[in-house]
Structures are given as C-alpha cells and as structure tokens.
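Enquirer: Mind looking over this structure? Questions follow.
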Amino acid sequence: MTKPLKLRAEDAEDISVISACLQDALIPFSEMAYLPAEQRFVLAVNRFKWENCDESRAERESYERVSCGLSFERVTSVRLRALDRANRGHILELLGIMPEDGAIVLLFAGGGAIRLEVERILCHLEDFDEPWPTPWRPRHALDEDAESG
C-alpha cells in the first residue's frame, strides 16, 4: 500500500508531475469551483493510482482509484471551451494539464478544456480518502497499438 499523495507545483516541471499523476482522473463537473475572491480554482477528482500500476502487475484483476483534491492559486480568470456549464452531472476525463505563458490549461477527453489565467504557477494536490478497487485500467490508443504490433 502506498502513502497518500501530497504534492505542490510551482513551475512547469512540477505541473508535468501532477499532470502525470492525474492522467485519466474522473472529475464530476459539479465538483469544480472558481472562487474569485480567493483567486482559487478547486476540484475534487477520482484519480487512477498509476503509481500502483507497474508492468509486472499489468494483468491484475484489480486496480485502485482515490479521491483527491486539487487547487490552483493566484487564478485571475477561468475560461471554458467545449464544456456545457448547464450539464453539472457530466463526468469529465482529464487527459493532461499544460502550463502556458500566464495560464494553465486542463485538457479533457472529447476536446473540452479549462483555461486558468494565473499570476504564477501554484498548485496543490492531496489525496483525502482511502483508495477503492476498480477492475478497469484506463487504456489509450498507444497502449492498444503496442499490444497489437
């Protein structure tokens, strides 16, 4: 059993680590909030525990997910692309987090994105619950190509 993750990001390299930890995280649209008075954007996500999924255990019957909190500080504005604000029950699948000049972009399956305009990079990730088993390991086109080739 691994310890709960608790990470802090202050630059692009740190964000790439958090992005890797959150690849394939499931995020209910209703579990996101922009708090303009605090200059904070917060999310509650269900992340796949990639750190427990090495090649020697690639064919396991059970994997794990865990609830995780994610916050971005010093956020001055938030813009959505190809996401319906009215569909609060929608579950988004996070593909990655990309730092840009003055911004951080969260990219989702299906082409949606959230762009956070930031004064500087400051992000916190923390697991806040016990992991639970799941029989499903996220698959990607590259995984399938490697298996068939």
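Enquirer: Counting residues that are within 20 Å of Glu117 (Cα to Cα), at pLDDT 95 or above and among the acidic types (Asp, Glu), which strands (runs of 3 or more DSSP E) fully inside the range 1-75 reach at least 1? Show your work before the answer.
Expert: Details: elements: 6-9, 26-28, 32-35, 40-48, 63-73.
Here the list reads 63-73.
Enquirer: Of all the residues that make up the range 106-137, how many are modelled with pLDDT of 85 or more, surrounded by fewer than 15 Cβ atoms within 10 Å (Cβ to Cβ) and in a loop (DSSP other than H, G, I, E, B)?
Expert: Final tally of qualifying residues: 8.
Enquirer: Also: Specify the residue that is nearest to the chain's Cα centre (by Cα); the eligible residues are those in the range 19-44 that are farther than 17 Å from His90 by Cβ and buried (at least 19 other Cβ atoms within 10 Å of the Cβ).
Expert: It comes out as Leu22.
Enquirer: Could you check Val78 against (1) farther than 18 Å from Ile104 by Cα; (2) at pLDDT 95 or above and say which number it fails?
Expert: Every listed condition holds for Val78 apart from (1).
Enquirer: Would you please list the contacts, defined by Cβ atoms under 8 Å and residues six or more apart or on different chains, that run from a residue in the range 117-145 that is farther than 30 Å from Asp101 by Cα to a residue that is modelled with pLDDT under 90 and among the polar types (S, T, N, Q)?
Expert: Final answer for the pair search is Pro133/Ser62; Thr134/Ser62; Pro135/Ser62.
Enquirer: Quick one: which of Ser67, Ser62 is touching a Lys or Arg at 6+ places or on another chain (Cβ under 9 Å), of a type in the set (S, T, N, Q) and on the phi < 0 side of the Ramachandran plot?
Expert: Working: Ser62 fails: touching a Lys or Arg at 6+ places or on another chain (Cβ under 9 Å).
Sole residue among the options that is touching a Lys or Arg at 6+ places or on another chain (Cβ under 9 Å), of a type in the set (S, T, N, Q) and on the phi < 0 side of the Ramachandran plot: Ser67.
Enquirer: Still on this structure, I have one more. Could you figure out which of (1) in contact (Cβ under 8 Å) with a residue 40 or more places away in the chain; (2) surrounded by 16 or more Cβ atoms within 10 Å (Cβ to Cβ); (3) polar (S, T, N, Q) isn't true of Thr2?
Expert: Looking at each condition in turn, Thr2 falls short on (2).
Enquirer: Of all residues in the range 91-105 being out of contact with any Asp or Glu (no Cβ under 8 Å at 6 or more places or on another chain) and surrounded by fewer than 19 Cβ atoms within 10 Å (Cβ to Cβ), which is nearest to Trp50 (Cα to Cα)?
Expert: Gly96
The values are calculated or read from the model by the stated rules, or taken from the named source; none is laboratory data. All figures in this text were calculated on a predicted structure; none of them were measured in a lab. So basically every Cβ, Gly included, is an ideal-geometry build from the backbone, and we count neighbours across all protein chains shown.
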